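Here, each number is a calculation from the coordinates, and none is a lab measurement. Because the structure is predicted, anything quoted here is derived from the model rather than measured. Note that each Cβ is placed from the backbone with ideal geometry, even for glycine, and that neighbours are counted across all protein chains shown.
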C-alpha cells in the first residue's frame, strides 16, 4: 500500500457511535489542505461535528456522498500529494474496502467504560493507549467523559489516557461528599490512587481546569503538567446565565438555549445531545450535586477560587487553551498567567473548544505533554 | 449505568426503588403477590401479567393481595393516601374502573379542592389499557379521555420503558392522585434505562422525531405507529415531526403549538374512541390557538366509535395503523397543495 496516500475515514466519536452521516464537504476535490483544516461535516445521532485533515496534501478523492450514512472507519475521502498517480489512488480506494471490514471487527471488541471504587465514591472512566506518561482528562461542570470524545483517541498516541466522570456527574456516584474544589481535587487523586497512577498530565476543561490547577498546587509531585482549557480558576468572571440556567433547566425547551451558549456554532447542539443531558439531570441526586457545586464554586456569577497568582508561583508546566468566542468564561482569562504559561486562543470555537477545534487542541496538548 | 430492559421490568424497578427509598410506599391489588390462598410463593403471579413479580420477596407485607372488589381496595388506597401513605393500587384493567368511580371522581379528585388545599391524596392507580391483546371489549379500552376530563386527577400513559420508569417514580412522588396507564402491548418493548432512580416531570411532551412538514401528536402504543408512518412518509419526501405527549393531564400545549407553528399541519393519533377524545381535545386546542399557522384542517386518526371487537381481524383494524396515519398526513399536504 502506498504510504503517500492518506485516508479520510468516518470517525468514531464515542463508544456508542457505529455510523455517521456525511452532511457536506467544506473543501472540494482537488483542494490543497493542511493539518487541522476542516474538510467534511459529519452528523451522528448525538452530535454534529467536523472532520479535520490529519495530514497535509491535496484532497484527491471525495468519496462520502452528502446525506449518506457510513459505518465508522469507512473510507470517505483520500489525501495525497499531486504527484501520486491517479491509478495508485484508485487501487488504494478499491483495496481499502476489504481492509476496513477486518478492522471493524477488532474495534467491536475494544474497551468499554470501566468503574473504580474510590473514597469519593464509585467513578466511571474510559482508558485508551498504554505506557508512560499518564494523561487524565477532567471534564467541566455538568459534563462527563464524553466531552473528550474527539480527544481521547488522539491523545492516546502519547501514552495512557484516562477520562473520568467526576462525582455527581456522568455515570459516577451522584453524591458529592465534599462539594468544593478541594473535594473534587481529592476525588482525582483518589482516582489516581485506586488505579495506581503515581503521576499524570492533567488536562482540565472549565471547572475541570480549576480542579487540575488545585491538584497541581496541592500535589506537585503527582502532576507532570496541566492544560487548562476554557478554564475556571483564572479570573473572577463567569456567565451565571449559563451556570444557573444549566442547573435550573428541567425541560428541553429551557435547556437547549443554555447549551447553545457552549458552542461557537449553536447548530452543534442536536436534539439527542439535549435529551442525553436531560436524562442525566433527572437522575436522583444530580440536582443536589449541581446546586451544591454551583453554590460553592460560582455563586452570583463570581468564581470563588482564583488560582492564577498561586499558579504563577508554582513550577508545574502550564498550557492554556481557549475558544475565542467562549460565552461561559471570557477568553481574556487566557493571559491571566502572563509569561508563566503558553496561551493559545483559537478562533471559530466557543467554550467547548476541545470539541469544536479538536485537531488543533490535540496538537497543542500533545506538544505540551511531550515537551 | 443504562442497559436495555422491558417496559414491564421498568415498572417493576420503579416500584422496587421507590419502596426502598420511602417506607410509606405500599402496593395493593388483586393477585399482585401470589393470588388468593397463595401468599408470596416464589412462583407467585405478581399480578395478572407478572409486573409485580418478585417484589413481595423484597418488601414483604408492604404488598397486599386484595379481595376481588375494586371499589373496596381503591377506596382503601385513597383513604390510606389521605392519611399519609403513598399507595400504588393495581387495577388490572382500566376497564374495571367503572365500579370505583365514586372513590376516584368524587373523593380522590376532590379532596385537595374541597378541603381548601389542606388535604393531599398521593395515590397512584396503575392499570392496563389498550387493544391488541385479544382480550375482548371489557379488557381492551383506551379510557384515557374519561380521566383526563376530571380536574384533580393526573393522567400518565408512557410509550416506552425509559419513560415508564421515570414517570411512575414521578407519579409516586406526586401529591395528587395519578391514573397511570400501561399499554399491555408495550410490556415486552425494550429501551435503554438507567439503573438509578430518576423522575420525569409531568407536562413535558417528548419530541421523538423532528420534521418540518407535519406534526403528528400521539401517546402510548400509537406513538410507535406514528413513527412507522413518519418513516414511510420520509421516503416520499414528507418530514413528519412526532410528539409523544407522555402525560395527558397535565398536557404540554407549548410543545404542540410550537411544533404546529413550524409545520402548519396537525394529525392527532389516539387509540381512544373519537368523540370527546385526546384527539379531539388536541385538534380543537390547536384550531383555537394556532389557527393562523394551520395550512390544512387538523386530522384525527382514532379507533372507531365501537367497542373493541373480539374478532382478531377486526381488532387489528380497530387500532390506528401506520397506513391510516400516513393517509391522514397526505390529506393535510394534498389540501395545502390544492389551495
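So for B:49, A:166, fewest C-beta neighbours within 10 Å to most, what's the order?
B:49, A:166
Once the Cα atoms of helix B:7-21 and of chain B are each reduced to a long axis, what angle between those two axes, in degrees from 0 to 90 to the nearest 10, is obtained?
Around 50 degrees separate the two axes.
Suppose we keep just the DSSP beta bridges with both residues in chain A; what percent of those would be antiparallel, to 5?
On the way: 33 of 57 bridges.
Here the share of antiparallel DSSP bridges comes out near 60 percent.
Among B:202, A:298, rank each residue by its count of other Cβ atoms within 10 Å, from fewest to most, as a rough exposure measure.
Arranged by neighbour count, lowest to highest, B:202, A:298 become B:202, A:298.
How far apart, in nm, are the 7 Å Cα→Cβ label points at residue A:122 and residue B:137?
Inter-label distance under the simple model: 5.2 nm.
By its C-alpha gyration tensor, with a ≥ b ≥ c as the square roots of the eigenvalues, how is the stretch A:219-345 shaped: rounded for a/c under 1.5, else prolate for a/b larger than b/c, else oblate?
prolate
Taking the 0 to 90 degree range and rounding to the nearest ten, how far is the long axis of helix B:322-338 tilted relative to the main principal axis of chain B, both from C-alpha atoms?
Helix B:322-338 sits at roughly 30 degrees to that axis.
Run lengths n ≥ 4 of DSSP H only: what is the helix-derived mean residue ellipticity at 222 nm for chain B, with -39500 (n - 2.57) per run over all residues, to the nearest 500?
Mean residue ellipticity at 222 nm (helix-derived): -10000 deg cm²/dmol.
How do A:356, B:90, A:309 line up, fewest other C-beta atoms within 10 Å first?
So the residues, fewest neighbours to most, are A:309, A:356, B:90.
Inside 10 Å of the C-beta atoms of B:199-209, what's the mean count of C-beta atoms belonging to other chains?
Per-residue shielding by partner chains comes out at 3.
On C-alpha positions alone, give me the angle between the axis of helix B:253-263 and the longest principal axis of chain B, in degrees, nearest 10.
Rounded to the nearest ten degrees, it is 20.
Would you please state the base-10 log of I(q)/I(0) at q = 0.11, 0.18 1/Å for the stretch B:1-137, with intensities from the Debye formula using one equal scatterer on every alpha carbon?
After summing over all Cα pairs, the log10 values are -0.42, -1.05.
Could you tell me how far the Cα centroid of the stretch A:263-315 sits from the Cα centroid of the stretch B:158-186, in Å?
Each part's Cα centre sits 31 Å from the other's.
How far, in nm, would the chain grow between residue B:289 and residue B:212 when pulled straight, counting 0.36 nm per residue and subtracting the alpha carbon separation?
Extending this stretch completely gives an extra 25.8 nm.
Tell me, what is the Rg over Rh of the protein assembly as shown, with Rh the Kirkwood radius over Cα pairs?
Looking at the protein assembly as shown, the ratio lands at 1.01.
Sorted from largest down, what three extents in whole angstroms do the Cα atoms of chain A have along their principal axes?
Each principal axis gives a Cα extent; for chain A these are 62, 45, 39 Å.
State the volume of the convex hull built on the alpha-carbon positions of the stretch B:88-145, expressed per residue in Å³ and rounded to an integer.
Convex hull volume per residue, Cα atoms: 78 Å³.
What distance in nm separates the simple spin-label points at residue B:58 and residue B:310, each placed 7 Å from Cα in the Cβ direction?
Placing both labels 7 Å along Cα→Cβ, they lie 3.8 nm apart.
When the helices in chain A are scored as -39500 (n - 2.57) per DSSP H run of 4 or longer and the sum is shared across all residues, what 222 nm value do you end up with, to the nearest 500 deg cm²/dmol?
After summing the helix terms and dividing by the residues of chain A, the value is -9500 deg cm²/dmol.
Roughly how crowded by other chains is peptide A:249-256, in terms of the mean Cβ count from those chains within 10 Å of each of its Cβ atoms?
Mean partner-chain Cβ count within 10 Å for A:249-256: 3.
Taking every DSSP beta bridge that has both residues in chain B, what percent is antiparallel when rounded to the nearest 5?
The antiparallel proportion sits near 25 percent.
Can you tell me what share of the DSSP beta bridges in the protein assembly as shown is antiparallel? A percent to the nearest 5 is fine.
If I count the DSSP bridges inside the protein assembly as shown, around 45 percent turn out antiparallel.
Once you have a ≥ b ≥ c as the square roots of the Cα gyration tensor eigenvalues for the stretch A:298-369, tell me rounded if a/c is under 1.5, and otherwise prolate or oblate according to whether a/b is larger than b/c.
Taking the square roots of the gyration eigenvalues as a ≥ b ≥ c, the stretch A:298-369 is oblate.
Any chance you could check the Cα centroid distance between the stretch B:246-303 and the stretch A:72-95 for me, in angstrom?
The two parts, judged by their Cα centres, are 53 Å apart.
How large, in Å, is chain B by the Kirkwood hydrodynamic radius built from its alpha-carbon pairs? Mind dumping the intermediate values first?
Numbers: mean 1/r = 0.0490 Å⁻¹.
Taking every pair of different Cα atoms in chain B, averaging 1/r and inverting gives 20.4 Å.
For residue A:219 and residue B:71, what is the calculated FRET efficiency with R₀ set at 45 Å and r taken between the beta-carbons, to the nearest 0.05?
So the FRET efficiency works out to roughly 0.10.
I'd like the mean, over residues of B:250-260, of how many other protein chain beta carbons sit within 10 Å of each residue's own Cβ.
That average works out to 1.
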